[in-house]
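Novice: Sharing a structure below in structure tokens format, with a few things to ask.
The values are calculated or read from the model by the stated rules, or taken from the named source; none is laboratory data. The model shown is predicted, which means the values in this text are computed figures rather than measured ones. Ideal geometry is used to build each Cβ from the backbone, glycine not excepted, and the neighbour counts take in all protein chains shown. Please note that ligands, DNA and RNA were not included when accessible areas were found on the heavy atoms of the full protein model with its side chains. Shrake-Rupley method; radii C 1.70, N 1.55, O 1.52, S 1.80 Å.
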Amino acid sequence: LLTKMNDDSRSMILFKAALKIQEKAKSFSDQAFTLQQMSEIHIRKLSYDEALVSLVQVLRLRSKLHQDADQDSADCNRQIGIIHSEREDYKRAIAPLKEASRLYKKLDADHRRQSSASHLLSRAYCMVRNFEEGREYVVEAMALRKLSP
């Protein structure tokens, strides 16, 4: 049966099995990693609802681990914002993108990540017709791009 499935389908079955074991063992860090991997598959399959569920669970687990201010949390928030933007729900995209931007700055992440978050925020603000905020973030994104190697 597994040999007739594509790689994503096989991976999803294995991830779901691993997740059940990790839940029983209360291995929050492993669960967060597995859910993040599952969200990437959901995104590739354009299953945005399922990706959002996985990403929100990752953030909850990271909060339990007191690791809610780390690179993975920033990346999860950024991805949630991107999914909302893909759905043209720009109002809902703003909060997670702002959180990603805040975390990237706090973590002193590379300028590309910070610039990307600022650029996405600029676009979301412009799409909800808040051009002043949009302008501020595009200027920030451009400044950060200049700092990137």
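Novice: Straight-line reach from K45: which lysines fall under 20 Å, measuring Cα to Cα and dropping same-chain residues less than 8 apart?
Specialist: Hits, sequence-local ones excluded: K4, K16.
Novice: Next up: Going by the alpha-carbon gyration tensor, a ≥ b ≥ c the square roots of its eigenvalues, is segment 43-149 rounded (a/c under 1.5) or, if a/c is not under 1.5, prolate (a/b greater than b/c) versus oblate?
Specialist: Cα axes put segment 43-149 in the oblate bin.
Novice: Also: Give me the accessible area per residue for segment 39-144, probe 1.4 Å, as a whole number in Å².
Specialist: Here the residues of segment 39-144 average 54 Å² of exposed surface.
Novice: If I stretch the segment between R60 and S27 completely, what's the gain in nm (0.36 nm per residue apart, minus their alpha carbon distance), one decimal?
Specialist: Extra length available between R60 and S27 comes to 10.6 nm.
Novice: Okay, moving on. Hey, how many Å between the Cα centroid of segment 45-112 and the Cα centroid of segment 120-147?
Specialist: 18
Novice: Can you pull out the trypsin sites (Lys or Arg not before Pro) in segment 1-103 that DSSP calls coil and that have at most 14 other Cβ atoms within 10 Å?
Specialist: Values: sites: K4, R10, K16, K20, K24, K26, R44, K45, R60, R62, K64, R78, R87, K91, R92, K98, R102; in loops: K26, K45, R87.
Of the trypsin sites (Lys or Arg not before Pro), the ones in loops of segment 1-103 whose Cβ has at most 14 other Cβ atoms within 10 Å are K26, K45, R87.
Novice: Under the classification rounded if a/c is under 1.5, otherwise prolate if a/b is larger than b/c and oblate if not, where does segment 1-97 fall, given a ≥ b ≥ c as square roots of the Cα gyration tensor eigenvalues? Present the calculation step by step, with values, prior to reporting the outcome.
Specialist: On the way: a/c = 2.89, a/b = 1.20, b/c = 2.41.
Here segment 1-97 falls in the oblate category.
Novice: Cross-link partners among lysines for K105, C-alpha distance below 18 Å, same-chain residues fewer than 8 apart left out?
Specialist: K146
Novice: What spacing in nm lies between the two simple spin-label points modelled at L46 and R102, each 7 Å away from Cα in the Cβ direction?
Specialist: 3.4
Novice: Carbon and sulfur: what percent of segment 17-94's accessible surface (1.4 Å probe)?
Specialist: About 49 percent, which is the carbon plus sulfur part of the accessible surface.
Novice: Per residue of segment 73-88, in order, report the coupling 6.51 cos²θ - 1.76 cosθ + 1.60 (Karplus, θ = phi - 60°) as ³J(HN,Hα) in whole Hz, putting x for Gly and Pro.
Specialist: Using θ = phi - 60°, the values come out as 5, 4, 5, 5, 4, 4, 5, 4, x, 5, 4, 4, 5, 4, 8, 6 Hz.
Novice: With r as the distance between the Cβ atoms of K16 and E136 and R0 = 41 Å, compute the FRET efficiency 1/(1 + (r/R0)^6) and round to 0.05. Please report the intermediate quantities before stating the final value.
Specialist: Details: r = 42 Å, r/R0 = 1.04.
Rounded to the nearest 0.05, the efficiency is 0.45.
Novice: Rounded, prolate or oblate: which one fits segment 10-59, using the alpha carbon gyration tensor with axes a ≥ b ≥ c (rounded when a/c is under 1.5, else prolate when a/b beats b/c, else oblate)?
Specialist: Oblate is the answer for segment 10-59, as a/c is 1.5 or above yet b/c matches or exceeds a/b.
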